1. For the stretch 45-52, does any single residue satisfy the condition of being in contact with a Lys or Arg (Cβ under 8 Å, 6 or more places away or on another chain), at pLDDT 90 or above and among the small types (Gly, Ala, Ser)?
2. Would you confirm whether or not the stretch 25-46 contains a residue that is in contact with a His (Cβ under 8 Å, 6 or more places away or on another chain) and more than 22 Å from Asp89 (Cα to Cα)?
3. Return the residue satisfying two criteria in turn: it lies in the stretch 47-84 and is over 13 Å from Ala23 (Cβ atoms) and charged (D, E, K, R), and of such residues it is surrounded by the most Cβ atoms within 10 Å (Cβ to Cβ).
4. Of all residues being aliphatic (A, V, I, L, M) and at pLDDT 90 or above in the stretch 8-28, which is surrounded by the fewest Cβ atoms within 10 Å (Cβ to Cβ)? Just the residue, please.
5. Given the conditions (1) modelled with pLDDT of 90 or more; (2) within 19 Å of Leu96 (Cβ to Cβ), which single one is not true for Thr5?
6. Consider the stretch 29-46. How many of its residues are surrounded by 12 or more Cβ atoms within 10 Å (Cβ to Cβ), part of a helix (DSSP H, G or I) and either out of contact with any helix residue (DSSP H, G or I) (no Cβ under 6 Å at 6 or more places or on another chain) or not hydrophobic (A, V, I, L, M, F, W, C) (or both)?
7. Give me the residue from the stretch 81-104 that is within 17 Å of Lys7 (Cα to Cα) and without any contact (Cβ under 8 Å) to a residue 40 or more places away in the chain and, out of that set, nearest to the chain's Cα centre (by Cα).
8. Considering only residues that are polar (S, T, N, Q) and assigned to a helix (DSSP H, G or I), which ones fall in the stretch 72-101?
Amino acid sequence: MNRRTGKVIDCSIGEAKARRDQARAYIDVAEIVLADSASRYEAQVAAALAVLAAIAAADAVCGPKLHRYSREQDHAQAVALLETVDVDDPSSPIKLRQIFALCRPAHSPTAGARG
């Protein structure tokens, strides 16, 4: 697909379930990381895992309803697809967008480089 519409791939029910399971696994590991340590770097790892969980969860929601999900790098397409799905929490796309906005500084090359 072109850059404007982003890369969207087909998704079966099985793939959507796998993305759901991945989302849960990311959160489980993030919780373990936070329970075992409180260092800034490990908190950043837990945050990164939480972002991955949010992406996988969005894919798990979009997959069964749209039969597709986004594979676009900037994740704006994931939000756009989630906006088209009827979900219990209509603020889900807003929350996903906020997660992406919050994670950008934490994933910069110099994040945590200063003491």
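The values are calculated or read from the model by the stated rules, or taken from the named source; none is laboratory data. For clarity, every value in this text was computed on a predicted model and none was experimentally measured. Using ideal geometry, Cβ is built from the backbone for each residue, glycine included, and neighbour counts are taken over all protein chains shown.
1. Taking every residue of the stretch 45-52 in turn, none turns out to be in contact with a Lys or Arg (Cβ under 8 Å, 6 or more places away or on another chain), at pLDDT 90 or above and among the small types (Gly, Ala, Ser).
2. The answer is no; no qualifying residue exists.
3. Glu72
4. Ranking the qualifying residues of the stretch 8-28, first place goes to Ile13.
5. (1)
6. Total meeting the criteria: 5.
7. Among those residues, the one meeting the criterion is Leu82.
8. Scanning the stretch 72-101 gives Gln77, Ser92, Gln98.
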